[in-house]
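Take a look at the structure set out below.
The values are calculated or read from the model by the stated rules, or taken from the named source; none is laboratory data. Note that the structure is predicted; figures quoted are calculated from it, not measured. Here Cβ is always computed from backbone atoms with ideal geometry, including for glycine, and neighbour counts include all displayed protein chains. These accessible areas exclude ligands, DNA and RNA; they are computed on the full protein's heavy atoms, side chains included. Shrake-Rupley method; radii C 1.70, N 1.55, O 1.52, S 1.80 Å.
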Amino acid sequence: MGLVDVEGTSRQADYREGNIPLDIADLSQFRGALSQDDVLQSLQWIPGIQQTGELGGGMIVRGSTDDQNLFLLEGAPIYHPWHAFNLISVFQTSAVKDLNFYRGHFPLAQGGRLSSLLDVSLRDGAGLDAPQSAVAINPLYGRARHERALGPNTTMMIAGRRSYVDAFFRQLHPVTDDAGRQDTLRTGYYFGDLLAKVSHRPSAETALTVSAYFGRDVLNLRLPLDLSFDLDNLLRPSDLMFELDHRWENQLVSTTWRRLLGTREVRTFQLYVSRYLARESAFIQPSEASEVDSDYHVDLTDVGIRFDRSLFVRRAFVLHAGADFVRHQFDTALNATIAPTPRTSEYVQQDNSRNAVEANIYTEIEADLGLGWDVSGGLRVSFFETDDRLRLLPRIDISYQAPSAPWVWHLQYAEQVQHLQRLRDRYSFLYDVVSTRWIIADRSTGPAVGRQWTTGISWHHPRHDLLATVELYLRRADNVLQPMDTYQEKDGIIGPGIETAALLAEYTPRSTQSQGAEFALQYAFSAWTLWVSYDLSQSRVALPSSGLALSDARPAFFDTPNAVRFLVQRSWGRWVASVSGMARSGYPITVPVARYTLTDPYGVETAYLYRPELNNGRLPAYSRLDARIDWTWQRQRYEGSVGIQLYNVTNHRNVLDRYFIPNTRSIEVRDRLGVPIIPLFEVEVRW
């Protein structure tokens, strides 16, 4: 499946592209863990997609890394599309009009990432006979949405969310210890966002839209520095303290003008500004004699212009062409005082600013060759200011459907280039929240490049709502920056904020390869709905010099050889009940093969672990079963729904991570377990 088109287009058109069609109603059936109105959490049910965490996290598509995904809201990129530490995304399903999700094979008008593209368009109130509003509440946040006409040719939509946990729990906590010492601790967190879209149609041939998004997370902590996270130790005065004021936010404004010229030509112009900001002010006292006081900033801004033209030469032949220009600005700044002893201190000031202009042009042809054959393809030419060459990126899509046949075969090939790669800032620091450090490719680092081959068959029963798909893929990426050794002590990686040169010294370019087969079945009969998918895949990482021979490569960090998902749903009038579940192989882990000790000049022995090979083991398999029941109601002009969900209904505590601790005589193994059964709910009222 190269594309999941969630616009309600004809299923037959989707089959000819080798896609699994879903509309918004279908997508809302796949509920997330903590946010039941979340596009990214719903997409985890699509074949080939995994999440880095249990309740949420980054999205891994066909063995990639999460920075290889491009997220577009109204055509503008969002660098960090998450709230609540990657548990809740910025994309609300209830505010979405349509979306396209591509895996590896993008439209030629888009690019810049290797793995996937999510393109989301918002509702705008168009087609409503009267104003429409909705409010909802769930365990974490409340949300509201309003759509209406502003005039004969103008409509609008506005939607907002706000978490309310901070309103129920005190942010200030006076504490006293046994000795009578008093202190005031802080535990505060909230997130909120606002979506808005205005559409204006001055004529039947012209449309103008203005869209905006503003989202913010704020975390404020002052706690004792206790790495055991024992609640009795955390909620008491301490000589060793940890203070953090951290906030991150997205700001986006996009304007799109579209005009139909006659019946054969469509022109589109877009202008957008997208910005991601993060700040981490921290005071850490790891010992009575040392402390770190820092203020760290990340600021990423994109300003882009895009032109597109579609020419319908005749009914079976369409020509697309366009260009886009983007100015990227990446700024990081650090002001910190590091005092390892009471008499020694070091003031650190770092400012890193990088700018780059990106330009792309493309041309694409769609042709119906007759006798069941459809072909689309073209070329994207990409220029990046800090790169030393033009990148020519061909893409082609061939599909065949015999006359009146219920099946469609397709073959796709695409090449991608990614000039921006995200690296984690700190590996040895005690606290790491500002995780977004984007590195611009230049003549020394070079961009990551990728290629993907895909073929598959979709079969649709001509009389019943039954769709079965099988897809095979092979994707290869080169020059992907990955840490050389996450367990080795890092030279120069000390304190908050890292010089780019020191950070890059801990990374090395590697080649990755993923291959797999994906199976999906979608069936609806009477009051029943069934969805089943199965992934069989392999993801490997190797040094470029090895030629990616699988015997010399190691499993990727989120390699998942087997994964199965299912959903069974039954409706009775106003009641809908569903059972869903998933099971997959455990993620790879690095298991030490030996333990050794070193003795310092004072005779003190320290135990260490010997890990000669990364990802040489695997966590136990992951499995989960969820249950849900929904009830809808209507009273005069009001209607609504009540949903109750049991997450992990079997109360199975999955092993999410495993730690190995060297003791004086053995290696202690500790498991981090997943969450137990969690009751969830959501109440929504619409009018």
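The figures follow:
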| item | result |
| --- | --- |
| Odd one out for Gln110, checked against (1) open to solvent by 20 Å² or more (accessible area, probe 1.4 Å); (2) modelled with pLDDT of 90 or more; (3) outside any loop (DSSP other than H, G, I, E, B) | (3) |
| Count - residues of region 113-139 that are part of a strand (DSSP E or B), open to solvent by 20 Å² or more (accessible area, probe 1.4 Å) and farther than 30 Å from Thr512 by Cβ | 4 |
| Hey, Ser376 part of a strand (DSSP E or B), touching a residue at least 12 places away in the same chain (Cβ under 8 Å), touching an Asp or Glu at 6+ places or on another chain (Cβ under 6 Å) and surrounded by 15 or more Cβ atoms within 10 Å (Cβ to Cβ) or not | yes |
| Hits in region 454-480 (condition: polar (S, T, N, Q) and either surrounded by fewer than 15 Cβ atoms within 10 Å (Cβ to Cβ) or under 30 Å from Trp528 (Cβ atoms) (or both)) | Ser458, Thr469 |
| Strands (runs of 3 or more DSSP E) wholly inside region 616-687 that include at least 1 residues being within 27 Å of Val576 (Cα to Cα) | 622-635, 638-647, 678-686 |
| Residues satisfying the stated conditions in region 242-272, i.e. over 33 Å from the mean Cα position of the chain (by Cα) and not basic (Lys, Arg) | Leu260, Leu261, Gly262, Thr263, Glu265 |
| Test: Leu536 is open to solvent by 60 Å² or more (accessible area, probe 1.4 Å), at pLDDT 90 or above and either among the β-branched types (Val, Ile, Thr) or outside any loop (DSSP other than H, G, I, E, B) (or both) | yes |
| Tally, over region 342-357, of residues that are farther than 26 Å from Phe325 by Cα, among the β-branched types (Val, Ile, Thr) and under 38 Å from the mean Cα position of the chain (by Cα) | 1 |
| Candidates Leu680, Leu673 - the one that is in contact with a Leu (Cβ under 9 Å, 6 or more places away or on another chain) and within 30 Å of Tyr596 (Cα to Cα) | Leu673 |
| Members of region 381-400 that are within 30 Å of His461 (Cβ to Cβ) and open to solvent by 20 Å² or more (accessible area, probe 1.4 Å) | Ile396, Ile398, Tyr400 |
| Number of the exception - Thr597 against (1) in a loop (DSSP other than H, G, I, E, B); (2) open to solvent by 50 Å² or more (accessible area, probe 1.4 Å); (3) polar (S, T, N, Q) | (1) |
| Selection within region 287-309 - open to solvent by less than 60 Å² (accessible area, probe 1.4 Å) and out of contact with any Asp or Glu (no Cβ under 7 Å at 6 or more places or on another chain) | Ser287, Ala289, Ser290, Val292, Ser294, Asp295, Val298, Leu300, Thr301, Asp302, Asp308 |
| Arg565 being open to solvent by 50 Å² or more (accessible area, probe 1.4 Å) and modelled with pLDDT of 85 or more | no |
| Residues of region 666-680 that turn out to be loosely packed, with under 11 Cβ neighbours inside 10 Å and small (Gly, Ala, Ser), as a count | 1 |
| Residue in region 360-368 that is under 30 Å from Arg437 (Cα atoms) and open to solvent by less than 20 Å² (accessible area, probe 1.4 Å) present | yes |
| Pick from region 405-432, criterion part of a loop (DSSP other than H, G, I, E, B) and either modelled with pLDDT of 80 or more or of a type in the set (Gly, Ala, Ser) (or both), ranking: farthest from the chain's Cα centre (by Cα) | Ala405 |
| Failed item in (1) assigned to a strand (DSSP E or B); (2) of a type outside the set (D, E, K, R); (3) modelled with pLDDT under 90, with Ser238 passing the rest | (1) |
| Residue match in region 95-105 (condition: buried (at least 24 other Cβ atoms within 10 Å of the Cβ), in contact with a Gly (Cβ under 8 Å, 6 or more places away or on another chain) and not in a loop (DSSP other than H, G, I, E, B)) | yes |
| All positions within region 50-64 that are touching a residue at least 40 places away in the same chain (Cβ under 8 Å) and either surrounded by fewer than 24 Cβ atoms within 10 Å (Cβ to Cβ) or in a strand (DSSP E or B) (or both) | Gln50, Thr52, Gly53, Glu54, Leu55, Met59, Ile60, Val61 |
